[in-house]
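Just below is one structure, and these are the notes that go with it.
The values are calculated or read from the model by the stated rules, or taken from the named source; none is laboratory data. Small disclaimer: the values here were computed from a predicted structure and weren't measured. Quick reminder, even Gly has a Cβ in these numbers, built from the backbone with ideal geometry, and neighbours come from all protein chains shown. Only protein heavy atoms, including side chains, enter the accessible area calculation; ligands, DNA and RNA are left aside. Shrake-Rupley method; radii C 1.70, N 1.55, O 1.52, S 1.80 Å.
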Amino acid sequence: PIIPSYLYNLDESTDVEIRNNSLSPQAASGSFNTIVSLYDNTVRLSGSNSTVSTTDLDPPTSVSAQLPQNSTDCPQSTSKLLNENVKVGMLFASKATVQLLTNPFIGPLTNRIGYQLPIFVGFCIMFLSTIMFAFSSSYTLLFLARSLQGVGSSCSSVAGIIFQFHLLRIACYSVCLFN
């Protein structure tokens, strides 16, 4: 659940910036603009079943009056969450798709130059793309980093399988020669 919540927060911050930039410029350039929270800022008192709003310092008179009500302007709307599922799915599928597309090219390359360089290059690409993925601040960079992970994974996995095949072949030859 970390990736969907990160993408949701990334989209929400973009929406807030767009809303702030589209506001009419009625305020003076040096004036202070307040930030309004979209979430319910109530605090549950310990030892009682009542809630208190952070803006209301008086104790509550009725428990039912202080409970948050369901509203239609909930920031977690169904269409946004559905869009997040598509984004997360595309993000995770990009690595496998790029790996599937690069595997046929890495095999002949490994046969020509050997398996040591592709394994090393693959691990370097995976390391750098993981660092890039960790510090990305937009969906495009996340997608690019995840796709690069597919290239690195393709290099190291194909070259690793060829390396294992060569080791197995050497072991089979030595067993056959000495028996």
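How big is the accessible area of LEU141 in square angstrom, nearest 10, if you roll a 1.4 angstrom probe over the protein chains? Spelled out: LEU141, probe radius 1.4 Å, area about 70 Å².
Remark: spin-label model distance GLN116-ASN103 equals 2.7 nm, labels positioned 7 Å along the Cα→Cβ axis.
With the cut-off at under 15 Å, measuring from each backbone N in the range 83-97 to a point 7 Å along the Cα-to-Cβ line of ASP11 picks out 83-92. Remark: accessible surface ordering of CYS124, CYS155 (largest first) is CYS124, CYS155, probe radius 1.4 Å.
Where does the charge balance sit around SER129 when Lys and Arg score +1, Asp and Glu -1, over other residues with C-beta under 14 Å from its C-beta? All intermediate terms of the calculation are to be shown ahead of the outcome.
Values: positive: LYS95, ARG146; negative: none.
Taking every Cβ under 14 Å from that of SER129, the sum is +2.
Accessible-area rank, largest first, for THR110, THR140, THR102, THR97: THR140, THR97, THR102, THR110, with all protein chains present and a 1.4 angstrom probe.
Cβ-Cβ distance of TYR139 and ALA96, R₀ of 25 Å, FRET efficiency by 1/(1 + (r/R0)^6): the value works out to about 0.90.
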